[in-house]
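What follows is calculated from the coordinates using simple rules that are stated; it is not laboratory data. What you are looking at is a predicted structure, and each value in this text was computed from that prediction instead of being measured. Please note: Cβ atoms are built from the backbone with ideal geometry, for glycine as well, and neighbour counts cover all protein chains shown.
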Amino acid sequence: MPDLLSIAQLGPGDVDTIFDATRVLKADRGAYSDLLRGKRLAMIFEKDSLRTRFTFDIGIQELGGSAVFMDHRDVRLGARESVKDMARNLERWVHGIVARTFKHRVLEELAANCEIPVINGLSDFLHPCQALADFYTLTEKWSSVKGRKLVYVGDGNNTCHSLVHVAALLGTHITVCTPEGYEPNARVVSEAMLVARESGADIQILNDAERGVRGADAVYTDVWASMGQEDETEERANIFHDYRVDEELMALAKPDALFMHCLPAHRGHEVTSGVIDGPQSIVYDIAENRLHVQKAVLALLMGKS
């Protein structure tokens, strides 16, 4: 695992290794402050961020390293200087790169042009660190995720893609419920279905949220309009109206079903306040675990760089 651009790069053993490291690092946050002593992390962000920025910055510091933040929200990567040249400069100064980009191909170009690890902090296509934190949190709640039913309701976006990838690896049954025309990428689904043949996962893509949620062990949603889609907000609000996760929809899941969201959340849009702030919600547990999972990723990748 030289980089972490996509969960599709990983095998089930890799996920287990990340989760095992996460448990160790989370159990005693102060015990590994020399693990990445002297290592430096470049953080290049084209998009706003709370969880990704804070958890990677705090994470590298807790492991003894340091981070340098590069704000590219005003000037896209590759505009002032080629992505190739940026990568070849950075590898001379730092030991790893976290990039949060609009275009996934920019991450691929960074990784192709440097010998240091590149980590996907979110792209338009995938959000692997989020999905790892999601599933790690589920292992804390359930011990094993194999055979459990996770239902994703909303837009078939980057977070959805990475959830499908992890579910397929770990043998979790995942049902994605979207309006027609907003289904997850067909290539992602095909990749996952091939993996699911080995793991026993069942992957379903539906347009009926009520049908999909019935019997769910966990219900997941995300914003209807992601960053870069702000001009579609009103249109999407109308299209996705029937895909709001409210108390009535949650009632169709199992009585002890968990509610999940990657945040930020728009209460009253994709989820009601009663659900996200209610006793079934584990959104802040997931947010906390972004730190611990990403520390594990940093330790596993940068410990070798």
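Based only on other Cβ atoms within 10 Å, what is the fewest-to-most ordering of LYS295, LYS141, LYS39?
Values: LYS295 26, LYS141 14, LYS39 20.
Fewest-to-most ranking of LYS295, LYS141, LYS39: LYS141, LYS39, LYS295.
Taking GluC sites (Glu not before Pro) as exposed when DSSP calls them loop (any state but H, G, I, E, B) and at most 13 other Cβ atoms lie within 10 Å, what is the longest stretch of the chain free of them, the sites themselves excluded?
It works out to 181-305.
Restricting to Cα pairs below 8 Å that are 6+ residues apart, what does the relative contact order work out to for the chain? Please round to a whole percent.
With pairs under 8 Å counted, the relative contact order is 20 percent.
Taking the beta-carbon count within 10 Å as an exposure proxy, list SER190, SER49 from fewest neighbours to most.
Ranked by crowding around the Cβ, least crowded first: SER190, SER49.
Any chance you could check the Cα centroid distance between region 23-54 and region 87-142 for me, in angstrom?
About 13 Å separates the Cα centre of region 23-54 from the one of region 87-142.
What residues have an amide H closer than 5 Å to that of GLY215, excluding those fewer than 5 places away on the same chain, when H is modeled at 1.01 Å from N in the peptide plane?
ALA253, LYS254
Is there a quick way to get the dipole size of region 66-217? I mean about its Cα centre, with the Cβ of Lys and Arg at +1 and of Asp and Glu at -1; what is the value in debye to the nearest 20?
It works out to roughly 160 debye.
Within straight cross-link reach of LYS149, meaning Cα distance under 12 Å, which aspartates and glutamates are found once same-chain residues fewer than 8 apart are removed?
List returned: ASP202, ASP217.
How large is ³J(HN,Hα), in whole Hz, for each residue of region 55-68 in order, when computed from phi with the Karplus curve 6.51 cos²θ - 1.76 cosθ + 1.60 and θ = phi - 60°, using x for Gly and Pro?
6, 5, 5, 5, x, 5, 5, 5, 9, x, x, 9, 10, 10
Quick one: which residues, 5+ away or cross-chain, put their amide H under 5 Å from the amide H of GLN204? H built at 1.01 Å from N.
ILE174, THR175, VAL176
For region 1-130, what is the Kirkwood hydrodynamic radius in Å, using each pair of distinct C-alpha atoms?
On the way: mean 1/r = 0.0658 Å⁻¹.
About 15.2 Å, per the Kirkwood formula over Cα pairs.
Hey, in the GNM for the chain with a 10 angstrom Cα cutoff, which one of LEU122, LEU169, LEU25 fluctuates hardest?
Result for the chain, Cα springs under 10 Å: LEU25 fluctuates most.
Sequence-distant or interchain residues sharing an amide H contact under 5 Å with LEU4, placed H: which?
VAL118, ILE119, ASN120
So what are the ³J(HN,Hα) numbers for region 202-215, from phi and the Karplus equation (6.51, -1.76, 1.60; θ = phi - 60°), rounded to whole Hz, Gly and Pro as x?
For region 202-215, the Karplus curve yields 10, 10, 10, 10, 10, 10, 10, 5, 5, 5, x, 6, 4, x Hz.
List, in order, the whole-Hz ³J(HN,Hα) value for each residue of region 158-164 obtained from phi through the Karplus relation with A = 6.51, B = -1.76, C = 1.60 and θ = phi - 60°; use x for Gly and Pro.
These are the phi-based 3J(HN,Hα) values: 4, 4, 4, 4, 5, 4, 4 Hz.
If I take R0 = 45 Å and measure r between the Cβ atoms of ARG214 and ALA27 in this structure, what FRET efficiency does the formula 1/(1 + (r/R0)^6) give, to the nearest 0.05?
In this case the efficiency is close to 0.75.
Explain nothing, just the number: dipole magnitude of the chain about its Cα centre with +1 on each Lys and Arg Cβ and -1 on each Asp and Glu Cβ, in debye rounded to the nearest 20. Display every interim value, and only then the final one.
Details: 33 positive and 45 negative charges, 225 e Å.
Here the chain has a charge dipole of around 1080 debye.
Treating the angle as unsigned and between 0 and 90°, give the value, to the nearest 10°, between the Cα long axis of helix 83-93 and the longest Cα principal axis of the chain.
60 degrees
Which of LYS26/LYS141; LYS146/LYS295; LYS103/LYS304; LYS47/LYS103; LYS26/LYS254 have a Cα-Cα distance over 21 Å? All intermediate terms of the calculation are to be shown ahead of the outcome.
Working: LYS26/LYS141 15 Å; LYS146/LYS295 24 Å; LYS103/LYS304 27 Å; LYS47/LYS103 11 Å; LYS26/LYS254 29 Å.
Over 21 Å Cα-Cα: LYS146/LYS295; LYS103/LYS304; LYS26/LYS254.
Note down the relative contact order for region 1-113 as a percent, whole number, built from C-alpha pairs under 8 angstrom at least six residues apart.
30 percent
If each residue's Cβ is checked for other Cβ atoms within 10 Å, how do VAL297, VAL153 rank with the fewest at the top?
VAL297, VAL153
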